[in-house]
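The values are calculated or read from the model by the stated rules, or taken from the named source; none is laboratory data. Small disclaimer: the values here were computed from a predicted structure and weren't measured. Cβ placement follows ideal geometry from the backbone for every residue including glycine, while neighbour counts extend to all protein chains displayed.
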Amino acid sequence: MSAALELEGLRKSFGKAEIIRGVDLSIGRAERHAIIGPNGAGKSTLFNLITGRFPKTSGAIRLHGKDLTGLAPFEINRLGLSRSFQITNIFPKMSVFENVRCALLWAQGHRYSFWSLVSRSRELNEGAEEILEQINLTARRDLPAGVLSYAEQRALEIGITIAGGADVIMLDEPTAGMSHSETDYIVDLIREVTKGKTLVMVEHDMGVVFGLADRISVLVYGEIIATGTPEAVRANPKVQEAYLGAALEAEH
Amino acid sequence: MTSLDQTRARPAAGGLSLAVLAPWLMAALFLAIMPFVFTDNSAITIMNQMAITIIFALAYNMLLGQGGMLSFGHAVYMGLGGFMCVHIMNWMEDGLITMPLPLLPLFGGFFGLGFAMLIGSFSTRKAGTVFAMISLGVGELIAACSVIVVVFFGGEEGVSGDRTYGIPVFGFEFLHQIEVYYLTAFWLMLSAALMYLFSRTPVGRMANAVRDNPERAEFLGYSQRWVRYYSFCASGFFAGIAGGLFAINYEILTEENLNLATSGMILLVTFLGGVGFFFGPIIGAIVFTLLATVLKLHTELWQLYVGAIFVATVMFFPGGLAGLLAMHVAPWRLGKMGVLVKPYLTTLLPGVIGGLGLAGATEMLFHAREAATGDEAMGLFFMEVSSHSPVAWAAVLAVTAAGFWLARRGAPGLKAAWDEANTAPGGRR
């Protein structure tokens, strides 16, 4: 089986500073993969390289075997990769419903249509309602997204991310800044909505990571020092030394 | 065209209902009876001007309000559409082509669209400052062309034509202003409806999304650049239609229709009305046209007042007049409009009187400085006053001071009443 997402010798420099220093990673279909590591390890940069937000310096990124070199974010998205952001990234002035509906437009083949009305496509509106139901925001349907609570905005962002039906979902710190109960809610939500899909996520909360991920990669100073099942990574002495020991201690 | 098939194949989820149609039917009825209320020719001319400005402002708001693009050169597309239409009128006069006059604005629209497609192909790559600067540059460029490409723009005197050479429609030859009024009103309704519908299409919705958060839109599969491009072209088309109607109405176009002043005017109109609402620019165009035509008859300083109103709007009501109206939806729904009546009367009314007093003082000062020596009599608010009389000066200053003092005194009460009116019984707002 070919990998859903494959990184090969990926490097990224900002000026003289090399942030990603040769990353090789292969993430299988329907795998839940977490990327962890200390602050400044380059986790978000890695995300931004994969999704075309920044151009890479060298190496290769392949989505379902297709090289992503030189593609713009919208082109990468059309190939079936969708992402959320570390800082909530929604359409604040539009209603919650509109946010989700916009996320469905391209996937349902509406393209740049100016000859059809969004309100007249049942598939579109019912699809948006279904997503709202899934992310538990039906009651907030008509509010401007900007007035939702933080956890609700994060849930909405996950909704927008999955709405297009992309089979590779990338979530950048989905539980950052959340209380325990909110975290539990979001984790359940992520588990629910990414069923059968490839999930790649960056996360700081070790509880979330070990509860959700099938495999974990540990990124330290732009290099992956270990990849494996949660148990293997937890037992890896290199990981213990570089990162996990301190991180797990901080949890308690 | 899969999306078309999809939408047609399924029954309408959000079909036409009376609630949706009511405002449009009312607007159509309103337009139909207006000439019977204001019958004289000058009033009809003002209404024509208003209708044209409404179309132009709505087209402009497709950029500014819907798409988040600040253009300083949108007069270009209206102007070019207008110039083209005057040339077509002249060809009709020469017998080169023949068609009914009501079709003419469509050609203005296509000409505006063509130019928008050309200019937009590079100006919409970036939003924000880059877009604004390119629009400014292109605006200046085309305006400068008007004295260079004399064959099209007619140099300094512009180009003029005669609208009456089209094929008569039901016997109408468009000799009279009233016939032109109904032609303009027809295009106003059609353009406004189409622009509204455009905002409800996938690309229209994505225009809002790109305005709010271009990066997120990209990660949903849409190129922000192409979304902007489509809005820009559509806006150019409707601006061209407005230009065509201008050509029919005035039968002359000059450099003034292309230049920066006109582009700035439409920005002002749209912002004054409110960019956040579809109907905002309509209010803006009506208010502005009234100010520009009626106020102009009474004072040379009308632009000063329009400028002051604009600055006040930007500072205090960034949502424009439409935003001001929309602010009252919540108190209305709560049934608390009554709470606001008294503070409005005791605060806003003195404020308006103070403002008028200040305007009166300005007029007197202007008259005292600029009128011919010995000419002391001037008309001020339906009164005859002397601009050199200390009594008149004392009176106008006293009214101003008293008005502002009362308004200032009432302000905290107004604020309290406003908060009260926005509070649901037993809960936060």
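Residues in the range B:96-115: is at least one farther than 24 Å from B:MET189 by Cβ, surrounded by fewer than 20 Cβ atoms within 10 Å (Cβ to Cβ) and among the aromatic types (Phe, Trp, Tyr)?
Of the residues in the range B:96-115, the ones farther than 24 Å from B:MET189 by Cβ are B:96-98, B:114-115.
When the remaining residues are screened for being surrounded by fewer than 20 Cβ atoms within 10 Å (Cβ to Cβ), the result is B:96-98, B:114.
Next cut, among the aromatic types (Phe, Trp, Tyr) only: none.
Scanning the range B:96-115, I find no residue that is farther than 24 Å from B:MET189 by Cβ, surrounded by fewer than 20 Cβ atoms within 10 Å (Cβ to Cβ) and among the aromatic types (Phe, Trp, Tyr), so the answer is no.
Residues of the range A:119-128 being of a type outside the set (Ser, Thr, Tyr), farther than 21 Å from A:GLU157 by Cβ and at the interface with chain B (Cβ under 7 Å from one of its Cβ atoms), which ones?
A:ARG120, A:ARG122, A:GLU123
Out of the residues in the range B:189-204 that are more than 7 Å from chain A (Cβ to nearest Cβ) and of a type in the set (A, V, I, L, M, F, W, C), which is nearest to the chain's Cα centre (by Cα)?
B:ALA192
Here is a yes/no grid of residues against (1) out of contact with any strand residue (DSSP E or B) (no Cβ under 6 Å at 6 or more places or on another chain); (2) in contact (Cβ under 8 Å) with a residue 60 or more places away in the chain:
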position	(1), (2)
A:SER2	yes, yes
A:VAL23	no, yes
A:ARG32	no, yes
A:PRO38	yes, yes
A:PHE47	no, yes
A:LEU63	no, yes
A:ALA72	yes, no
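Identify all residues within the range B:167-222 that are of a type in the set (S, T, N, Q), modelled with pLDDT of 95 or more and under 18 Å from B:PRO35 (Cβ atoms); write none if there are none.
Correct list: B:THR184 only.
Quickly run through the range A:63-75 and pick out the residues that are more than 11 Å from every other protein chain (Cβ to nearest Cβ) and charged (D, E, K, R).
The answer is A:LYS66, A:ASP67.
For A:TYR185, state whether it is assigned to a helix (DSSP H, G or I) and within 28 Å of A:ILE19 (Cβ to Cβ).
Spelling it out, it is not the case that A:TYR185 is assigned to a helix (DSSP H, G or I) and within 28 Å of A:ILE19 (Cβ to Cβ).
Across the range B:143-171, what is the total count of residues that are outside any helix (DSSP H, G or I), of a type in the set (A, V, I, L, M, F, W, C) and over 19 Å from B:ILE97 (Cα atoms)?
Qualifying residue count, the range B:143-171: 2.
Pick from the range B:205-214 the residues that are facing chain A (nearest Cβ under 7 Å) and assigned to a helix (DSSP H, G or I): which of them is nearest to B:PHE277 (Cα to Cα)?
Filtering the range B:205-214 for residues that are facing chain A (nearest Cβ under 7 Å) and assigned to a helix (DSSP H, G or I), the one nearest to B:PHE277 (Cα to Cα) comes out as B:ASN208.
What about A:ALA139, is it assigned to a helix (DSSP H, G or I) and within 9 Å of another protein chain (Cβ to nearest Cβ)?
No, not satisfied.
For the range B:280-297, name all the residues that are over 15 Å from B:GLN49 (Cβ atoms) and either surrounded by fewer than 19 Cβ atoms within 10 Å (Cβ to Cβ) or of a type in the set (Val, Ile, Thr) (or both).
Matches in the range B:280-297: B:ILE283 only.
Residues checked against (1) in contact (Cβ under 8 Å) with a residue 24 or more places away in the chain; (2) not hydrophobic (A, V, I, L, M, F, W, C):
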| site | (1), (2) |
| --- | --- |
| B:ILE148 | no, no |
| B:GLY155 | no, yes |
| B:ARG163 | yes, yes |
| B:VAL169 | yes, no |
| B:HIS176 | no, yes |
| B:ALA192 | yes, no |
| B:MET195 | yes, no |
| B:THR201 | no, yes |
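Filter the range A:83-96 down to the residues that are at the interface with chain B (Cβ under 7 Å from one of its Cβ atoms) and farther than 19 Å from B:ARG200 by Cβ and list them by number.
Passing the criteria: A:ARG83, A:ASN89, A:ILE90, A:PRO92.
Quick one: which residue in B:LEU358, B:LEU253, B:LEU349 is aliphatic (A, V, I, L, M) and touching a residue at least 60 places away in the same chain (Cβ under 8 Å)?
On the way: B:LEU358 fails: touching a residue at least 60 places away in the same chain (Cβ under 8 Å); B:LEU349 fails: touching a residue at least 60 places away in the same chain (Cβ under 8 Å).
Answer to the check: B:LEU253.
Test each condition in (1) at the interface with chain B (Cβ under 9 Å from one of its Cβ atoms); (2) in a helix (DSSP H, G or I); (3) of a type in the set (Val, Ile, Thr); (4) touching a helix residue (DSSP H, G or I) at 6+ places or on another chain (Cβ under 6 Å) for A:ILE131 and report the one that comes out false.
Of everything listed in (1) at the interface with chain B (Cβ under 9 Å from one of its Cβ atoms); (2) in a helix (DSSP H, G or I); (3) of a type in the set (Val, Ile, Thr); (4) touching a helix residue (DSSP H, G or I) at 6+ places or on another chain (Cβ under 6 Å), A:ILE131 misses just condition (1).
Return yes or no: is A:ILE162 more than 8 Å from chain B (Cβ to nearest Cβ), touching a residue at least 12 places away in the same chain (Cβ under 8 Å) and crowded, with 22+ Cβ neighbours inside 10 Å?
yes
For the subset of the range A:40-49 comprising residues that are more than 12 Å from every other protein chain (Cβ to nearest Cβ), hydrophobic (A, V, I, L, M, F, W, C) and not in a loop (DSSP other than H, G, I, E, B), which member is surrounded by the fewest Cβ atoms within 10 Å (Cβ to Cβ)?
A:LEU49
Any residue at all in the range B:222-230 that is without any contact (Cβ under 8 Å) to a residue 40 or more places away in the chain and either in contact with a Cys (Cβ under 8 Å, 6 or more places away or on another chain) or not in a helix (DSSP H, G or I) (or both)?
yes
Going by what's in this entry, would B:SER123 be described as of a type outside the set (Val, Ile, Thr), over 18 Å from B:ALA247 (Cα atoms) and buried (at least 16 other Cβ atoms within 10 Å of the Cβ)? Steps first, please.
On the way: of a type outside the set (Val, Ile, Thr): yes; over 18 Å from B:ALA247 (Cα atoms): yes; buried (at least 16 other Cβ atoms within 10 Å of the Cβ): yes.
For B:SER123, the condition - of a type outside the set (Val, Ile, Thr), over 18 Å from B:ALA247 (Cα atoms) and buried (at least 16 other Cβ atoms within 10 Å of the Cβ) - is met.
Using the structure shown, decide if A:ARG78 is charged (D, E, K, R), at the interface with another protein chain (Cβ under 7 Å from one of its Cβ atoms) and either surrounded by 23 or more Cβ atoms within 10 Å (Cβ to Cβ) or more than 17 Å from the chain's Cα centre (by Cα) (or both).
Numbers: charged (D, E, K, R): yes; at the interface with another protein chain (Cβ under 7 Å from one of its Cβ atoms): yes; either surrounded by 23 or more Cβ atoms within 10 Å (Cβ to Cβ) or more than 17 Å from the chain's Cα centre (by Cα) (or both): no.
Considered against the rule, which asks whether it is charged (D, E, K, R), at the interface with another protein chain (Cβ under 7 Å from one of its Cβ atoms) and either surrounded by 23 or more Cβ atoms within 10 Å (Cβ to Cβ) or more than 17 Å from the chain's Cα centre (by Cα) (or both), A:ARG78 comes out as no.
For A:ASN99, state whether it is of a type outside the set (Val, Ile, Thr), more than 7 Å from chain B (Cβ to nearest Cβ) and not in a helix (DSSP H, G or I).
Against the criterion (of a type outside the set (Val, Ile, Thr), more than 7 Å from chain B (Cβ to nearest Cβ) and not in a helix (DSSP H, G or I)), A:ASN99 does not qualify.
Could you grab me the full set of residues in the range B:217-251 that are within 11 Å of another protein chain (Cβ to nearest Cβ), among the polar types (S, T, N, Q) and surrounded by fewer than 24 Cβ atoms within 10 Å (Cβ to Cβ)?
B:SER223
Among the helices (runs of 4 or more DSSP H) confined wholly to the range B:248-338, which include 3 or more residues that are under 30 Å from B:VAL150 (Cβ atoms) and in contact with a helix residue (DSSP H, G or I) (Cβ under 7 Å, 6 or more places away or on another chain)?
B:260-273
Filter the range B:378-429 down to the residues that are within 17 Å of B:THR299 (Cβ to Cβ) and surrounded by fewer than 14 Cβ atoms within 10 Å (Cβ to Cβ), then identify the one that is farthest from the chain's Cα centre (by Cα).
Ranking the candidates gives B:GLU384 first.
Among the residues of the range B:127-163, how many are modelled with pLDDT of 90 or more and either buried (at least 17 other Cβ atoms within 10 Å of the Cβ) or of a type in the set (A, V, I, L, M) (or both)?
Qualifying residue count, the range B:127-163: 25.
Among the candidates A:ALA60, A:ALA30, A:ALA107, which residue alone is within 14 Å of chain B (Cβ to nearest Cβ), surrounded by fewer than 20 Cβ atoms within 10 Å (Cβ to Cβ) and not in a helix (DSSP H, G or I)?
Step by step, each of A:ALA60, A:ALA30, A:ALA107 is checked, and only A:ALA107 is within 14 Å of chain B (Cβ to nearest Cβ), surrounded by fewer than 20 Cβ atoms within 10 Å (Cβ to Cβ) and not in a helix (DSSP H, G or I).
Considering each of B:GLU384, B:GLU420, B:GLU363 in turn, give the residue that is outside any loop (DSSP other than H, G, I, E, B) and at pLDDT below 85.
On the way: B:GLU420 fails: at pLDDT below 85; B:GLU363 fails: at pLDDT below 85.
Just a single option satisfies the conditions, and that option is B:GLU384.
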